[in-house]
1. Give me, ordered by chain and number, the residues 5 or more places off Lys108 or on other chains with an amide H under 5 Å from its own placed amide H.
2. Please list the non-local residues whose amide H lies under 5 Å from the amide H of His62, H modeled 1.01 Å from N, same-chain partners needing a gap of 5 or more.
3. Past the 25 Å Cα-Cα mark, which pairs from Lys97/Lys162; Lys51/Lys149; Lys97/Lys170; Lys69/Lys97?
4. Using a 4.7 Å cut-off between beta carbons, which cysteines in the chain end up with no partner cysteine at all?
5. With everything on Cα atoms, drop me the angle between helix 24-38 and the longest principal axis of the chain, reported from 0 to 90° to the nearest 10.
6. Considering every Cα-Cα pair within the chain, what fraction, in whole percent, is farther apart than 22 Å?
7. Across region 54-67, in residue order, what do the Karplus-derived ³J(HN,Hα) couplings come to in whole Hz, using 6.51 cos²θ - 1.76 cosθ + 1.60 with θ = phi - 60° and x for Gly and Pro?
8. Can you give me the orientation-averaged projected area of the convex hull built on the Cα atoms of region 62-164, in nm²?
Amino acid sequence: MQALTNRSKVVSKKEMTFMERMYLPAIFGGMMITFSHFFRRKPTIKYPEQKREFSGIYRGQHVLKRDEKGAERCTACGLCAVACPAEAITMVSAERKPGEENLYREEKYAAKYEINMLRCIFCGDCEEACPKEAIFLTDRQVSVYGQRKSFIYGKDVLVESKDSPIDLAKRQTPSVKEFKLHKEFGHNQTYDKNKKVNAGGHH
Ligand code: SF4
Ligand code: SF4
């Protein structure tokens, strides 16, 4: 029958040689490959006794940051939700009342803010889209739960504690801050300071 593509190969059914019929060279070759793996560095670790060190810019569990006075930075503008390719973020905005200036930095704030961690792909687009430096991904890992609803993180989990603020210095290097000024570049693209062009690759 006429082949529809040119990918077909003619398979030859040639007789095996005496050495091939002995199978010993093939077995010996296979054993050599097995032995060579004994002397290689093991790719596995004994988790949970051993844990790998995470990069400072690892994209893990989010945090909603407070400002230097302890007020929530998020103004419920919704840009993170719009930028999220997984549609993992939902929020309800509310208006700040007089006397709540110490709680919320802006006149509008997120009364409800949720991220569905089962949907999230940890791309970092929400962090990049936020004009208020309010949401960041951190090097913390999302916990494991037995129920789907437990993966929907609300403000009780996401807003950082006043007593133990999360240090984002590694993510907020001067070069990253400058990169964020240029909204024309995507998250997975590199801003070349000298050429002022997208140089491709991760930043
Ligand atoms: S990290 Fe990406 S997928 Fe996850 S909430 Fe942010 S924008 Fe959505
Ligand atoms: S986290 Fe940032 S982008 Fe998202 S709603 Fe709050 S201020 Fe807007």
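Just so you know, all these numbers are worked out from the coordinates, no wet-lab data involved. Being a predicted model, the structure only gives us computed values, none of them experimental. Glycine gets a Cβ as well: all are built from the backbone with ideal geometry, and neighbour counts include every protein chain shown.
1. It is Arg96, by chain and number.
2. Thr138
3. Table pairs above 25 Å Cα-Cα are Lys51/Lys149; Lys97/Lys170.
4. So far as the 4.7 Å Cβ criterion goes, Cys74, Cys77, Cys84, Cys120, Cys123, Cys130 stand without a partner in the chain.
5. For helix 24-38, the angle is close to 30 degrees.
6. Numbers: 13277 of 20503 pairs.
Percent of Cα pairs beyond 22 Å in the chain: 65.
7. Per-residue couplings from phi come out as 8, 5, x, 10, 4, 9, x, 4, 6, 9, 9, 7, 9, 7 Hz.
8. 6.6 nm²
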